[in-house]
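**Q** Handing you this structure, nothing more for now.
The values are calculated or read from the model by the stated rules, or taken from the named source; none is laboratory data. Here the structure is a predicted model, which means the values were calculated and not measured. Note: ideal-geometry Cβ built from the backbone for every residue, glycine included; neighbour counts use all protein chains shown. Accessible surface is based on the protein model in full, side chains and every heavy atom, while ligands, DNA and RNA are left aside. Shrake-Rupley method; radii C 1.70, N 1.55, O 1.52, S 1.80 Å.
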Amino acid sequence: MNNGKLGLPSVIATGVGLIVATSCLMSVGQGAGSLGITFIISMLMACAINITTALCLSELNALMPNLTGGLAQYTLASFGPFISIITMVGGYLVCNTIAGSAECAMFGNTLTGVFNTKIPGSVFCIVLLLILIAANLHGIDLFAKIQNVVAYGLIFSIFIMGIIGALKLGTGEVVEQPLVLTSNMSDIFSMVGLAFFLFLGCEFIIPIAPNVKNQRRNVPLGMILSLLIVTAMEIILILGMHNYTDWATLAGDAAPHVLYGISLFGEFGKYWMALISVFAVVSTVNSIISSLAYICAGMAKIGLLPKVFMKKNKNDAPFVGILLIGGAMVLINATGLSTTSQLSLLILIGCVFWMAAYCISSLNVLVFRRKMANVPRTFKVPFGPVIPIVGIVGNIFMIYNIASDTETKMIIYRTVLVIFAVLAVYAFIWVKKVMKRPLFKAYEVKDIMAMENELYHLVREEQKKSA
Amino acid sequence: MEFKRIEVVTSLYKLSDLQKALGKLGVTGMTVIQALGCGVENGTQEYELEMKKTPELLPKQMVMLVVEEGLVEKVVDVIKKELYTGHIGDGKIFVSNVTNIIRVRTGEEGKAALN
């Protein structure tokens with residue numbers, strides 16, 4: 001029964017709030033600082049590829065509605081457990097942990113920059129993470145009530161500051177500089193990977209689908225409009241940055257949004273952007289720790305992760321996931337991650353995992369079109385296989401063009417391959433020894449849907465105890 | 001004009017959404033019958049460990065409607081999309097021929113009896 005209360009405007013607001021994060025601003029700063037307004041072309045390409053993914057995810061959701069495990073469940077039904085664990089369990093968890101770590105690093109950079117302190121940014125990051133881990137373990141969602149407020153505050157601020165900058169209405173000094181730094185296509189292509197980071201997260205709209213009025217229309221439409229609105233916001237911001245912030249300085253700054261705020265409005269701009277972005281970072285990281293812990297629990301439900309991830313403490317919090325995800329972020333930030341180049345590298349590594357996951361999602365659509373051709377779909381991606389194929393090719397293209405120089409590309413590919421290799425070993429052992437299933441045999445959809453039922457696990461636990 | 005009977009066996013909680021969807025299509029009448037039934041799973045719930053050896057009848061609802069032949073494909077498509085969840089127990093649709101329809105009060109037959 002569709003008891004949806006959220007209309008299309010709410011879906012769009014949620015979508016934009018989920019997609020926009022402070023680390024996106026670093027991507028904009030670096031991209032625009034390197035290419036000038038030509039970065040907009042890179043952004044449009046990345047947005048288009050993300051729209052194909054949004055459409056594919058909508059069709060997958062129509063086939064397997066109301067699931068908690070995320071993308072892994074679709075892949076389990078199409079390619080079996082081995083591929084699902086590597087790309088979705090490992091890959092997806094890895095990229096989200098990386099995104100959260102990058103957000104934390106931005107938090108540290110913002111505080112260090114604003115208060116001009118000698119305390120390393122990583123100290124602020126680790127303190128923040130420890131507070132958020134503790135809060136989540138206590139089942140407290142510190143920002144539940146203000147999450148939307150701070151997300152919309154960031155969006156509103158970006159929008160307003162972009163317009164003020166684009167129309168040259170700021171109090172700061174206008175900078176004279178060329179609009180375009182390069183129009184070389186290979187430079188534009190090499191920035192599509194960075195631009196891709198601006199649009200990540202639309203798939204988080206899928207879990208709220210049961211609460212959406214006329215979800216068959218509003219969920220896919222909401223995802224697409226969210227992506228387009230984010231694109232428009234970032235384009236206006238880039239035009240504003242052109243007028244007030246030197247491109248080279250922008251590209252090298254670890255907190256370009258604060259730099260832009262200072263350029264536009266001086267001290268007021270600095271504190272405005274700092275305040276909004278601090279709250280937004282905290283809110284984003286809190287969401288990532290909490291939602292990833294629940295995704296881990298969902299994946300444990302379908303047997304792809306150890307059952308220990310389903311365990312909850314006395315505060316009803318999935319504590320194993322919280323400690324692991326939070327702990328991983330603490331470790332990453334303890335390495336002193338703070339410079340623009342370090343953050344960019346981390347973001348690009350995360351992007352490759354995300355692109356791989358999105359690639360698989362598009363492939364899932366094609367597999368299901370063949371395997372389950374007659375199954376009713378309340379949403380079907382139009383134009384046959386064209387859009388999924390464009391999505392697959394687009395994501396592979398972005399992986400190939402993840403960085404402009406070969407050395408950085410090799411570092412990224414090597415890191416990704418090492419992590420995939422580790423995941424492959426885990427996946428092999430887990431599927432063969434624990435799940436005792438063939439590596440590549442797909443599950444039946446009805447079995448995956450059954451695993452969503454709490455009674456499914458209860459009955460099996462009881463059987464184990466009595467055996 | 002040819003008519004077809006569409007009988008839908010489905011679970012109890014889907015009726016309200018189905019009614020609304022059929023109403024939007026312009027379906028002018030339906031009959032709902034409380035029923036007991038099972039399919040190839042013998043009434044086994046999706047979370048149970050093994051399939052039941054003897055059929056166990058579960059509470060269901062059967063919705064019966066008669067439509068013009070030209071509308072059958074559209075109506076069946078709407079019903080399928082409305083009932084689909086991917087879980088066992090989504091239901092079944094039966095389509096059969098109807099030779100005539102008569103409105104008792106007026107004696108009208110055929111399409112006039114449906115309007």
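**Q** Here are some conditions: (1) open to solvent by less than 40 Å² (accessible area, probe 1.4 Å); (2) closer than 13 Å to B:Val9 by Cα; (3) away from chain A (no Cβ under 14 Å). B:Pro59 meets all but one. Which one does it not meet?
**A** Of everything listed in (1) open to solvent by less than 40 Å² (accessible area, probe 1.4 Å); (2) closer than 13 Å to B:Val9 by Cα; (3) away from chain A (no Cβ under 14 Å), B:Pro59 misses just condition (1).
Table: residues versus (1) away from every other protein chain (no Cβ under 14 Å); (2) surrounded by 15 or more Cβ atoms within 10 Å (Cβ to Cβ); (3) not in a helix (DSSP H, G or I).
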| residue | (1), (2), (3) |
| --- | --- |
| A:Phe383 | yes, no, yes |
| A:Ile399 | yes, yes, no |
| A:Ala403 | yes, yes, yes |
| A:Trp430 | yes, yes, no |
| A:Phe440 | yes, no, yes |
| A:Met449 | no, yes, no |
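**Q** Tell me yes or no: at least one residue of region A:269-276 is open to solvent by less than 40 Å² (accessible area, probe 1.4 Å), assigned to a helix (DSSP H, G or I), touching a Gly at 6+ places or on another chain (Cβ under 9 Å) and among the hydroxyl-bearing types (Ser, Thr, Tyr). Working first, answer last.
**A** To start, the set of residues in region A:269-276 that are open to solvent by less than 40 Å² (accessible area, probe 1.4 Å) comprises A:269-270, A:273-274, A:276.
Applying the additional criterion that residues be assigned to a helix (DSSP H, G or I) yields A:269-270, A:273-274, A:276.
If we keep only those that are touching a Gly at 6+ places or on another chain (Cβ under 9 Å) too, we end up with A:269-270, A:273-274, A:276.
After this cut, where a residue has to be among the hydroxyl-bearing types (Ser, Thr, Tyr) as well, the list is none.
No: region A:269-276 contains no residue that is open to solvent by less than 40 Å² (accessible area, probe 1.4 Å), assigned to a helix (DSSP H, G or I), touching a Gly at 6+ places or on another chain (Cβ under 9 Å) and among the hydroxyl-bearing types (Ser, Thr, Tyr).
**Q** Also, quick follow-up: Can you tell which of A:Val320, A:Val308 is free of Cβ contacts under 8 Å to residues at least 60 places away in the same chain and buried (at least 20 other Cβ atoms within 10 Å of the Cβ)? If you could, list the steps in order and put the result at the bottom.
**A** Values: A:Val308 fails: buried (at least 20 other Cβ atoms within 10 Å of the Cβ).
None of the other options fit; the residue is A:Val320.
**Q** If B:Glu50 satisfies every condition in (1) more than 30 Å from A:Ala467 (Cβ to Cβ); (2) exposed (fewer than 13 other Cβ atoms within 10 Å of the Cβ); (3) within 14 Å of chain A (Cβ to nearest Cβ) but one, which is the exception?
**A** (1)
**Q** Inside region A:1-36, can you point out the residues that are in a loop (DSSP other than H, G, I, E, B) and either surrounded by 23 or more Cβ atoms within 10 Å (Cβ to Cβ) or at pLDDT 95 or above (or both)? Give the steps one after another, and end with the answer.
**A** Of the residues in region A:1-36, the ones in a loop (DSSP other than H, G, I, E, B) are A:1-5, A:7, A:20-21.
If the condition is that a residue be in a loop (DSSP other than H, G, I, E, B) and either surrounded by 23 or more Cβ atoms within 10 Å (Cβ to Cβ) or at pLDDT 95 or above (or both), then A:Val20, A:Ala21 are the ones that fit.
**Q** Identify, please: which residue in region B:20-29 is assigned to a helix (DSSP H, G or I) and away from chain A (no Cβ under 14 Å) and is, among those, nearest to the chain's Cα centre (by Cα)?
**A** Taking region B:20-29 first, the residues assigned to a helix (DSSP H, G or I) are B:20-25.
With the extra rule that they be away from chain A (no Cβ under 14 Å), the set shrinks to B:22-23, B:25.
On the way: B:Leu22: 11, B:Gly23: 14, B:Leu25: 15 Å.
Selected residue: B:Leu22.
**Q** Hey, another quick one. Please find, within region B:35-47, the residue that is surrounded by the fewest Cβ atoms within 10 Å (Cβ to Cβ) out of those that are assigned to a loop (DSSP other than H, G, I, E, B) and more than 14 Å from chain A (Cβ to nearest Cβ).
**A** B:Asn42
**Q** Could you give every pair whose Cβ atoms fall below 7 Å, whose first residue belongs to region B:1-19 and is in a helix (DSSP H, G or I) and at pLDDT below 85, and whose second residue is open to solvent by 40 Å² or more (accessible area, probe 1.4 Å) and not polar (S, T, N, Q), counting only separations of at least 6 or pairs across chains?
**A** B:Leu12/B:Pro59; B:Tyr13/A:Met1
**Q** Let me ask something else. Pick from region A:363-381 the residues that are more than 15 Å from A:Tyr92 (Cβ to Cβ) and of a type in the set (S, T, N, Q): which of them is most open to solvent (accessible area, probe 1.4 Å)?
**A** A:Asn374
Yes/no matrix, rows are residues, columns are (1) open to solvent by 10 Å² or more (accessible area, probe 1.4 Å); (2) in contact (Cβ under 8 Å) with a residue 40 or more places away in the chain; (3) closer than 25 Å to A:Ile360 by Cα:
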{"site": "A:Ile158", "(1), (2), (3)": "no, yes, no"}
{"site": "A:Leu179", "(1), (2), (3)": "yes, yes, no"}
{"site": "A:Asn184", "(1), (2), (3)": "yes, no, no"}
{"site": "A:Ala195", "(1), (2), (3)": "no, yes, yes"}
{"site": "A:Gly201", "(1), (2), (3)": "no, yes, yes"}
{"site": "A:Val212", "(1), (2), (3)": "no, yes, no"}
{"site": "A:Leu225", "(1), (2), (3)": "yes, yes, yes"}
{"site": "A:Ile229", "(1), (2), (3)": "yes, yes, no"}
{"site": "A:Ile238", "(1), (2), (3)": "no, yes, no"}
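**Q** Just for region A:451-467: of the residues that are more than 8 Å from chain B (Cβ to nearest Cβ) and not in a helix (DSSP H, G or I), which one is farthest from B:Tyr84 (Cα to Cα)?
**A** Per the stated criteria, the residue is A:Ala467.
**Q** Another question, if that's okay. Looking at B:Val98, B:Val76, B:Val104, can you tell me which residue is on the phi < 0 side of the Ramachandran plot and open to solvent by 80 Å² or more (accessible area, probe 1.4 Å)? Show your work before the answer.
**A** Numbers: B:Val98 fails: open to solvent by 80 Å² or more (accessible area, probe 1.4 Å); B:Val76 fails: open to solvent by 80 Å² or more (accessible area, probe 1.4 Å).
Sole residue among the options that is on the phi < 0 side of the Ramachandran plot and open to solvent by 80 Å² or more (accessible area, probe 1.4 Å): B:Val104.
**Q** Tell me the residue from B:Val67, B:Val95 that is more than 14 Å from chain A (Cβ to nearest Cβ), part of a strand (DSSP E or B), under 18 Å from the mean Cα position of the chain (by Cα) and closer than 22 Å to A:Met372 by Cβ, please. Give the steps one after another, and end with the answer.
**A** On the way: B:Val67 fails: closer than 22 Å to A:Met372 by Cβ.
Going through B:Val67, B:Val95 in turn, just one is more than 14 Å from chain A (Cβ to nearest Cβ), part of a strand (DSSP E or B), under 18 Å from the mean Cα position of the chain (by Cα) and closer than 22 Å to A:Met372 by Cβ: B:Val95.
**Q** Given A:Phe124, A:Phe159, which one is within 23 Å of the chain's Cα centre (by Cα), closer than 25 Å to A:Gly321 by Cα and at pLDDT 80 or above? Spell out how you get there, then give the answer.
**A** Values: A:Phe159 fails: closer than 25 Å to A:Gly321 by Cα.
Only one candidate passes the filter, namely A:Phe124.
**Q** Then there's this: Inspect all residues belonging to region A:35-53 and state whether any of them is closer than 30 Å to A:Glu444 by Cβ and either more than 14 Å from chain B (Cβ to nearest Cβ) or touching a helix residue (DSSP H, G or I) at 6+ places or on another chain (Cβ under 9 Å) (or both). Lay out the reasoning, then the answer.
**A** Step one: filter region A:35-53 for residues closer than 30 Å to A:Glu444 by Cβ, giving A:52-53.
From what is left, the residues that are either more than 14 Å from chain B (Cβ to nearest Cβ) or touching a helix residue (DSSP H, G or I) at 6+ places or on another chain (Cβ under 9 Å) (or both) are A:52-53.
Yes, because at least one residue in region A:35-53 is closer than 30 Å to A:Glu444 by Cβ and either more than 14 Å from chain B (Cβ to nearest Cβ) or touching a helix residue (DSSP H, G or I) at 6+ places or on another chain (Cβ under 9 Å) (or both).
**Q** Next up: Go through (1) hydrophobic (A, V, I, L, M, F, W, C); (2) open to solvent by 50 Å² or more (accessible area, probe 1.4 Å); (3) under 20 Å from A:Lys446 (Cα atoms); (4) in a strand (DSSP E or B) for B:Val32 and report which single condition fails.
**A** Against the list (1) hydrophobic (A, V, I, L, M, F, W, C); (2) open to solvent by 50 Å² or more (accessible area, probe 1.4 Å); (3) under 20 Å from A:Lys446 (Cα atoms); (4) in a strand (DSSP E or B), B:Val32 comes up short only on (3).
**Q** Suppose the filter is at pLDDT below 95, more than 20 Å from A:Leu76 (Cα to Cα) and in contact with a Gly (Cβ under 6 Å, 6 or more places away or on another chain); does A:Met435 pass it?
**A** Details: at pLDDT below 95: yes; more than 20 Å from A:Leu76 (Cα to Cα): no; in contact with a Gly (Cβ under 6 Å, 6 or more places away or on another chain): yes.
No: the conditions fail for A:Met435.
**Q** State which residue pairs qualify: first residue over 19 Å from B:Val63 (Cα atoms) and inside region B:94-106, second residue outside any loop (DSSP other than H, G, I, E, B) and among the aliphatic types (A, V, I, L, M) in any location, beta carbons under 7 Å apart, and separation of 6 or more residues or different chains.
**A** B:Ile102/B:Ala113; B:Arg103/B:Ala113
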